[in-house]
Amino acid sequence: MIDKVFAGRYRITEKIGIGGMAEVYKATDETLGRTVAVKVMLPQYASDETFAVRFKQEAQAAANLQSPYIVNIYDWGFEQTSQTYYIVMEYIRGTDLKTAITQRGAINQRKVAEIGAQVSAALGVAHSYDIIHRDIKPQNIMVQPDGNAKVMDFGIARANSANLTQTGSVLGTAYYVSPEQAQGKELSPATDIYSLGVVLYEAVTGRVPFDGSDAVSIAVKQVNEMPTPPRAFDNTIDESLEAIILKAMRKNPSERYRTADEMRMALSDYLQGKPLSSARQEARTQVITTPAVVPPAAATAVMPELGGNATHMRAGGSGSSGSRGHSSSQRSNAPLIVTLVALLVVLFAAIAVYFIYCSNDEARVEVPQVVQTTEDEAKRLIQAEQLDVGEITHENSETVAAGLVVSQNPTAGSRVAVGTKVNLVISIGSGNIEVPNVVGMTPAEAELALSNLSLQFEAGESKSDANIESGKIIATTPPVGSKVAAGTKIVCIISSGPESAQIPNVIGFWKTDAENTLVAAGFVVVYDEDIFSGQDAGRVANQSQVGAGTPGQTVTLALSKGLEPTPTPTVSVPNIVGMTLDTASNALASRGLILDYSGDVTGMTITSQTPAAGESVDEGTAVTAIFSAGDPPEPPEQD
């Protein structure tokens, strides 16, 4: 395949990956002179009309999606000599998110939120075309050297109007499928939101929320089990980010973000240090419930086991875990397998119900009634029942006095596990004074602005912020724009400056390894001109900064060209005009030069030479001489 040309213009240069139904190659577009990626359908699928339609559909669907966070599709066609389909797409430098997580574990939470916002933006574009990706997973999210993400591989995406799979087919990877996808139900854009929630969960914790020995057991957990809150693994994870992730992972699609754009706005608010607005605000801990298990429909395909196609792509397209061909004997066993899967799902659900509601009842407590109590009293009552205080937010209330609890979640009387967090909404009364925008002010400036409106200033906790310098206000509680009563205490959150991070030393790394290491640590990579050095050619020879830095900072690398070559010695050309053959040869040889002439020159003398006498040339240079018969010119003066 190497050096093969597709469509008379795309010359294959190297193979960069293989997946379930296609191989991916790096290629040169000889018409436009740019590097591209070419995805070529594997021969065993090219003759299968179902796969061919799906492959063509990928190109047609993705080609309409214009976003800086979606891999661009340039061209597609059918290669006659190979009798297979191909797609030409943008070539992406960088690494897929799964590789970054595998190599580095948990990723900086602000970088996770940035990636999440970008993927949400990409999904928002796709959903606006009525296209559901259906296979959002970290393997399909490329992180480029500049830190930006691109979603790739719409190989199993389809427009809702299409009908290319059996009704309720289970597609995608078990670790990231939504509960409705695992049950073979009709899918909506909410399935992509759930999968993105799982991706962010894994990125911020370094582990998937549900694991198991096979695809079926993982799918059962997706349907029936609640995820362990990320802060249980790392209490430095911001509660607001945790709330966003857990809301995206709600079992009921209607309880997730209504759209990908709404999720993007929530992540953007978090990155800007804004409190989650009431429209997007969610309790961080959910009451454990067991959704009704719907056995797969008779036509539902069995989810393939994990493994096999684990190769990662470095191009604008990876090997999606597309559908696989089945032998006739496998198809004849499908009804039996489907029945067994359905029985296993029901069995796991029954066991889960027993352990949640029966065997562990002694570890469950009743949530106390704290509505209409003060915030301090509510905290005391909650902690007395071995529960924790969760997220505290504020809102206007016409019926509940300022400072008292308006609502709680879980509600009073609910039986929940010990340690469950109870989230509170505190009244800020029905005042008509609007909290001014003090973001970016110093505490002294904010206090003056608040006191001018008869409001009280209180310094809150410090938080890192990449955009607001240390010592200035990031946000307030109640939020800016809230209506409060005179005398209300406004808590101001103060910036501690950009979050610090360590810039890894990648000198001596190969280029790709250096990029992956720095991007995974949250930095942007750019390149200076290559330099000569003691490092092997292609390894990093110089790095602009090592040690303390800030997430998102640019790190400049220079690659090695290898050792600088030793220069060839130079000599001055002697004057050989008037000399005979032997004399001229000896004069030139003494300086490491060679005499070049033609013909029989016996008895002749040199009348001209090139290069001229006195010129500086490299040793080994040939000096061309012209010989002529007749009286020789005056002998030259030797220098």
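Some notes on this structure:
- If you go through the stretch 205-231 and keep only what is out of contact with any Gly (no Cβ under 9 Å at 6 or more places or on another chain), part of a helix (DSSP H, G or I) and not polar (S, T, N, Q), you end up with ALA215, VAL216, VAL223, PRO230, ARG231.
- The residues of the stretch 535-551 that are surrounded by 15 or more Cβ atoms within 10 Å (Cβ to Cβ) and among the hydroxyl-bearing types (Ser, Thr, Tyr) amount to a single one, THR550.
- One residue stands out among those in the stretch 414-435 that are farther than 18 Å from PRO275 by Cβ and in contact with a Leu (Cβ under 8 Å, 6 or more places away or on another chain): the one that is most open to solvent (accessible area, probe 1.4 Å), which is VAL418.
- Among the residues of the stretch 399-413, at least one is at pLDDT 85 or above, surrounded by fewer than 19 Cβ atoms within 10 Å (Cβ to Cβ) and among the hydroxyl-bearing types (Ser, Thr, Tyr).
- Only one entry of VAL491, VAL519, VAL524, VAL540 meets the criterion of being within 30 Å of GLY403 (Cα to Cα) and at pLDDT 85 or above, and that entry is VAL491.
- The numbered conditions (1) out of contact with any Gly (no Cβ under 8 Å at 6 or more places or on another chain); (2) under 12 Å from VAL519 (Cβ atoms) are all true for VAL143 except (1).
- The stretch 4-35 - residue that is among the polar types (S, T, N, Q), assigned to a strand (DSSP E or B) and open to solvent by 60 Å² or more (accessible area, probe 1.4 Å) and, of those, nearest to ASP48 (Cα to Cα): THR13
- The strands (runs of 3 or more DSSP E) falling completely within the stretch 497-599 that include 2 or more residues that are closer than 21 Å to LEU97 by Cβ and either touching a residue at least 12 places away in the same chain (Cβ under 8 Å) or in contact with a His (Cβ under 8 Å, 6 or more places away or on another chain) (or both) map to 501-503, 524-527, 554-559.
- Condition check for THR605: over 30 Å from GLY471 (Cα atoms) and either without any contact (Cβ under 8 Å) to a residue 40 or more places away in the chain or surrounded by 14 or more Cβ atoms within 10 Å (Cβ to Cβ) (or both): yes
- The criterion of being open to solvent by 10 Å² or more (accessible area, probe 1.4 Å) and hydrophobic (A, V, I, L, M, F, W, C) does not hold for VAL204.
- Residues being polar (S, T, N, Q) and under 22 Å from ASP146 (Cβ atoms) are represented in the stretch 554-566 by at least one member.
- Residue ID - most open to solvent (accessible area, probe 1.4 Å), chosen from residues in the stretch 82-109 that are in contact with a helix residue (DSSP H, G or I) (Cβ under 6 Å, 6 or more places away or on another chain) and of a type in the set (D, E, K, R): ARG104
- Qualifying residue in the stretch 69-81 (condition: open to solvent by 50 Å² or more (accessible area, probe 1.4 Å) and under 27 Å from LYS111 (Cβ atoms)): yes
- Single match in GLU242, GLU255, GLU225 (criterion: among the acidic types (Asp, Glu) and open to solvent by less than 60 Å² (accessible area, probe 1.4 Å)): GLU242
- Members of the stretch 264-285 found to be modelled with pLDDT of 50 or more and either among the charged types (D, E, K, R) or not in a loop (DSSP other than H, G, I, E, B) (or both), listed by number: ARG264, MET265, ALA266, LEU267, SER268, ASP269, TYR270, LEU271, LYS274
- Every test in (1) under 40 Å from the mean Cα position of the chain (by Cα); (2) within 30 Å of LEU455 (Cα to Cα); (3) surrounded by fewer than 18 Cβ atoms within 10 Å (Cβ to Cβ); (4) modelled with pLDDT under 80 is passed by ILE392 save one, and that test is (4).
- Selected residue [at pLDDT 90 or above, surrounded by fewer than 16 Cβ atoms within 10 Å (Cβ to Cβ), more than 30 Å from ASP465 (Cβ to Cβ) and not polar (S, T, N, Q)] from ALA625, ALA589, ALA629: ALA589
- Residue match in the stretch 459-472 (condition: without any contact (Cβ under 8 Å) to a residue 40 or more places away in the chain, in contact with a Gly (Cβ under 7 Å, 6 or more places away or on another chain) and surrounded by fewer than 14 Cβ atoms within 10 Å (Cβ to Cβ)): yes
The values are calculated or read from the model by the stated rules, or taken from the named source; none is laboratory data. Worth saying up front: this structure is predicted, and the values here are computed from it rather than measured. Heads up, the Cβs are rebuilt from the backbone with ideal geometry, glycines too, and the neighbour counts pull from every protein chain shown. In case anyone asks, the SASA skips ligands and DNA or RNA and just uses the protein heavy atoms, side chains included. Shrake-Rupley method; radii C 1.70, N 1.55, O 1.52, S 1.80 Å.
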